[in-house]
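The values are calculated or read from the model by the stated rules, or taken from the named source; none is laboratory data. In this text the structure is predicted, and so the values were computed from the model without any measurement. Cβ atoms come from the backbone with ideal geometry, glycine included; neighbour counts cover every protein chain shown. Accessible surface is based on the protein model in full, side chains and every heavy atom, while ligands, DNA and RNA are left aside. Shrake-Rupley method; radii C 1.70, N 1.55, O 1.52, S 1.80 Å.
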Amino acid sequence: MAANSSSTGSKLSNSAGGKPSGPSAEQVVATFQRMRQEQRGMASKSAELEMEINEHSLVIETLREVDPSRKCFRLVGGVLVERTVKEVLPALETNKEQITKIIESINTQMQTKGRELTEYRERYNIRLMGEGEGEAQGQSAASRDSEGGGSKSGAGVLVS
């Protein structure tokens with residue numbers, strides 16, 4: 001009987017006395033942090049791929065100045081293979097184009113995730129630490145948009 005009443009009690013505390021309510025503050029913060037982490041991961045991957053494009057560009061520029069019949073070595077799947085410049089150069093250019101397309105796709109996803117974050121912040125009135133002071137002093141709308149905005153009312157969730 002005691003186990004039954006404790007499980008009923010926990011159900012009541014979760015539903016806030018039988019009234020259907022939104023997620024708890026902890027759930028809101030956890031979801032917001034997860035979304036922010038996903039966006040950071042996308043930004044990190046985008047930066048990593050940008051570096052790869054720069055490396056590809058450097059190698060392509062170098063190989064264009066070299067005799068096409070000259071042998072060169074390429075790492076394919078962890079194996080170093082011997083090829084000629086005329087075989088490697090088109091493959092590098094194709095890889096560079098594909099990486100560029102992937103970066104564009106990631107950037108689009110990042111923008112979408114940013115909009116989702118902004119909507120989530122507005123819906124649950126999430127403010128970041130130190131954000132409220134700037135808005136109270138008349139921060140411009142453009143800089144508020146770049147940071148994701150936020151409501152000026154006192155209620156809400158504060159995220160560090």
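Taking amide hydrogens as modeled 1.01 Å from N in the peptide plane, which residues meet the under 5 Å criterion relative to V159, leaving out close sequence neighbours?
The answer is R127, L128, M129.
Run through the stretch 57-88 and list the GluC sites (Glu not before Pro) located in a DSSP loop whose Cβ has at most 16 other Cβ atoms within 10 Å.
In loop regions of the stretch 57-88 (DSSP not H, G, I, E or B), the sparsely surrounded GluC sites (Glu not before Pro) are E65.
Only residues of the stretch 61-76 count here: report those whose backbone N is under 19 Å from the spot 7 Å along Cα→Cβ of E82, or say none.
Under 19 Å, as judged by backbone N against the label point of E82, lie 67-76 of the stretch 61-76.
Between A91 and E116, what is the spin-label point distance in nm, taking each point 7 Å from the Cα along the Cα→C-beta axis?
Label-label distance for A91 and E116, simple model: 3.6 nm.
In a shell of Cβ-Cβ distance under 13 Å around C72, excluding C72 itself, what net charge do Lys and Arg (+1) and Asp and Glu (-1) give?
Neighbourhood net charge equals +2.
Of all the accessible heavy-atom surface of the stretch 24-118, with the other protein chains kept in place and a 1.4 Å probe, what percent is carbon and sulfur?
Ligands and nucleic acids excluded, carbon and sulfur give 54 percent.
List the residues whose amide H sits under 5 Å from the amide H of T84, counting only those 5 or more places along or on another chain, with H placed 1.01 Å from N in the peptide plane.
Amide H to amide H, under 5 Å and 5 or more residues apart or across chains, T84 pairs with C72.
Please say if the stretch 59-104 is rounded, prolate or oblate, where rounded means a/c under 1.5 for a ≥ b ≥ c the square roots of the C-alpha gyration tensor eigenvalues, and otherwise the choice is prolate for a/b larger than b/c and oblate otherwise?
oblate
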